[in-house]
Amino acid sequence: MIESLAHAYSEVFAPEYFVLLCAVAIILYEWMQTTGSSVRGLGIRIGVLTLGWVVALVIYKIGPTLLNSPPTWVTDITGSLGLGVGILVIWLIWHLRGWGNLVSAFSLLLVAVTVPHLLTTLFWALSSHVLYAATPAGYLVLVDRRFTPFLLIALGMVVSRPLAGAHTWLQSIGGLVVAGIFVGGFWFLRERSRHPDSAEENTGENVKRV
């Protein structure tokens, strides 16, 4: 019973769905804060998101078919790689169009966490479900605390993956830790860029003390 519920939870909030949900949320949030925002502009943005997701799904689905008997970890690699490339397409168009920093930062953060997942997949099954739930959810909460329900869903994924028998507790918690490191790093860099003068003053004080 518990295993079935945990498996269903993992399926409903799988990376390809949950990251998409978070992406729609941050796009709507940024669009509503844009001066002179229009429905047409929102439609174009959703179109770019759709393009990115098509690219991601093509890489995810076609990649394993290129091999005769692909190992189980191949789908993890193609899924992560597809998501990374698809999100990178979204970031590039967003950046070129100058549509704002929120979605751009969201995209770069997801591309960044793709790297450690790709590097560890060959020798350790770090939970991609947890990684790609906690990372976008953590970012959303940093943007606005009203996105806290997304983070609660991500924390639920930490529990559901081991209960579903898909990962060990260590692999699931590992995904949360990696996500926390990257989200925390983003927060640190954001705060540092917002208060550069304070950082310089602290550096100056330290030099004087020496």
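Against the chain, whose longest principal axis is taken from its Cα atoms, helix 15-32 shows a tilt of about 30°. Based on protein heavy atoms only, the chain ends up with 56 Å² per residue of surface accessible to a 1.4 Å probe. Expressed in Å, the radius of gyration and Dmax of the Cα atoms of the chain are 18.8, 65. Quick check on the stretch 48-171: take the gyration tensor over C-alpha atoms, sort the square-rooted eigenvalues as a ≥ b ≥ c, and tell me if it's rounded (a/c under 1.5), prolate or oblate. Judged from the Cα gyration tensor, the stretch 48-171 comes out oblate (a/c at least 1.5, b/c at or above a/b).
Electrostatic bookkeeping for LEU108 treats Lys and Arg as +1 and Asp and Glu as -1; over the other residues with beta carbon under 15 Å from its beta carbon, the sum is 0.
The shape of the stretch 96-160 comes out oblate: with a ≥ b ≥ c from the C-alpha gyration tensor, a/c is at least 1.5 while a/b does not beat b/c. Taking GLY165, GLY156, GLY184 in turn, the Gaussian network model of the chain (Cα-Cα springs below 10 Å) assigns the largest fluctuation to GLY165.
Dipole size of the chain about its Cα centre, with +1 on Lys/Arg Cβ and -1 on Asp/Glu Cβ: approximately 300 debye, rounded to the nearest 20.
With Cα atoms defining each centre, the stretch 152-196 and the stretch 4-51 are spaced 20 Å apart in the structure.
The values are calculated or read from the model by the stated rules, or taken from the named source; none is laboratory data. These numbers come from a predicted model, not from an experiment. Positions of Cβ are generated from backbone atoms using ideal geometry, with glycine treated the same way; all protein chains shown enter the neighbour counts. For the accessible areas, the whole protein counts, side chains as well, though only heavy atoms, and no ligand, DNA or RNA atoms are used. Shrake-Rupley method; radii C 1.70, N 1.55, O 1.52, S 1.80 Å.
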